Amino acid sequence: MKKIFLAFLTGILFLTALAANLFTSAHIVHADAAGVNAQNRAVVFFNEACADCGELVKNFYPGFFAKYGYEIDLRDYINDRQNRVILNDYNKNWDVPFELQSHIEAFVGDKLLIGGHVPTEIMQYLLEHQNEYGKILVYQDQMHAAPPDYKVWDFRGEIKTYKISEPIKTYLDWLKQSSGGLSFDGKKRGFFDFLWLITGSAFLDGLNPCAFAVLLFFIAFLFSIRKTRLAVWKMGLTYIFAIFLAYFLIGIGLAQAFVISGAPHLMAKIGSYLVIILGIIQILGVIFPQFPIKLRIPIDTKATLEKWMYRATLPAAFIGGFLVGLCTFPCSGGIYVAVIGLLGVSQTYASGLAWLTWYNFIFVTPLIILLIFAGNPRTVEHMQVLERAESKIIKLGLGAFMIALGLIILLFFT
């Protein structure tokens, strides 16, 4: 039994290690490209063939950045393919949306990205007031004539557009106000803020009556056909791992959609409003049984799940668990969407992937606990009775938590 449980944990830890490796390798590439002391270096990617770009980068930038103690590193990404690869790595590691990638990109230290031909006054203010922001991108890609506006983004919130004459302080003041007056030290919320919120959300999300009912039914069926406890453990953990995998893959897809949208702050708000609406629907469905909208596994799907479970093989347990993971997402996925929206606002893709892995591990923890206690047929029978009796209370609690979670993210994290 210990070996089976260790194998289960190994599979989940492998995905966690993969996420951590992505995060680590991202920083290694960054360090290799920018040099050991990245904080005192301005790495500028430009097109050597562009006369206007060359004048800005070669004639103005060296003296300008030297005044602020930065050593400049010029990299022509047109004639040198390796620089093109490094530029792609920088954009990936900094999570720069495609629409904010400019023909000139100056990565100044580890906090500032200047894209294109940004007014000198804006660059000066940002270099002289670095305590007013954590990490920031300013973008103005037009070379000729008088540009009408510029864009600015803090890598977490909403991409803002201002008239070219508007000082950058306008954005920084808005940023401070929208964050509730928090200091911009690069960490809007600390590690433990995320740990408690994500762990608590994942555990409560995992108290899913749908997945509980199917697992208890499956275990009871295995005992009825005289499967050993070892076989029950094998199939139970296979079922749980399949749910973990299904939810993990759904999460990656949602995270990618948030990143591609280029407006993670907006997506986080949408996710928060969605989880509040789903929480209200959950509560209404319990209080008013005739309420037309139900958050549950579709009735037509139950027959398919039972067909796979009755086969009582490891592949069947895996397929059944995967289907349960997919089908229960509409039932409890509101919490998941809200948390992914929060990660899209506050984390890089690599660190967000690590948090996503942790979320899904905690998400299946209630099922693991249930499997541990389901050691004999009588216990399973009592659990099934308890699950049916208490399912309304669980659903009401989850609905209330969904509303609270949405409000917490809206008020404190976006």
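For residue 83, indicate whether it is modelled with pLDDT under 90, assigned by TED's automatic domain parsing to the domain that holds residue 45 and under 19 Å from residue 41 (Cα atoms). Break it down into steps so the answer makes sense when it comes.
Values: modelled with pLDDT under 90: no; assigned by TED's automatic domain parsing to the domain that holds residue 45: yes; under 19 Å from residue 41 (Cα atoms): yes.
Criteria not met by residue 83.
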Can you tell me which of 248, 244 is assigned to a helix (DSSP H, G or I), modelled with pLDDT of 65 or more and closer than 11 Å to residue 367 by Cβ?
244
Of all residues in the range 117-159 being within 15 Å of residue 68 (Cβ to Cβ) and among the polar types (S, T, N, Q), which is farthest from the chain's Cα centre (by Cα)?
120
Across the range 145-177, what is the number of residues that are touching a residue at least 40 places away in the same chain (Cβ under 8 Å) and within 23 Å of residue 52 (Cβ to Cβ)?
3
Hits in the range 74-83 - residues which are surrounded by fewer than 15 Cβ atoms within 10 Å (Cβ to Cβ) and not in a loop (DSSP other than H, G, I, E, B)
81, 82
When residue 195 is run through (1) buried (at least 16 other Cβ atoms within 10 Å of the Cβ); (2) at pLDDT 75 or above, the failure sits at (1)
Being surrounded by fewer than 16 Cβ atoms within 10 Å (Cβ to Cβ), assigned to a loop (DSSP other than H, G, I, E, B) and without any contact (Cβ under 8 Å) to a residue 60 or more places away in the chain is the filter here; which residues of the range 89-143 pass it?
129, 142
Within the range 127-165, the residues that are farther than 28 Å from residue 410 by Cα, in contact with a strand residue (DSSP E or B) (Cβ under 8 Å, 6 or more places away or on another chain) and among the acidic types (Asp, Glu) are 141, 149
Under the condition of being outside any helix (DSSP H, G or I) and crowded, with 21+ Cβ neighbours inside 10 Å, which residue from the range 349-397 is modelled with the lowest pLDDT?
374
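The values are calculated or read from the model by the stated rules, or taken from the named source; none is laboratory data. In this text, all values refer to a predicted model and were calculated from it rather than measured experimentally. Note that we place each Cβ from the backbone using ideal geometry, even for glycine, and neighbour counts take in every protein chain shown.
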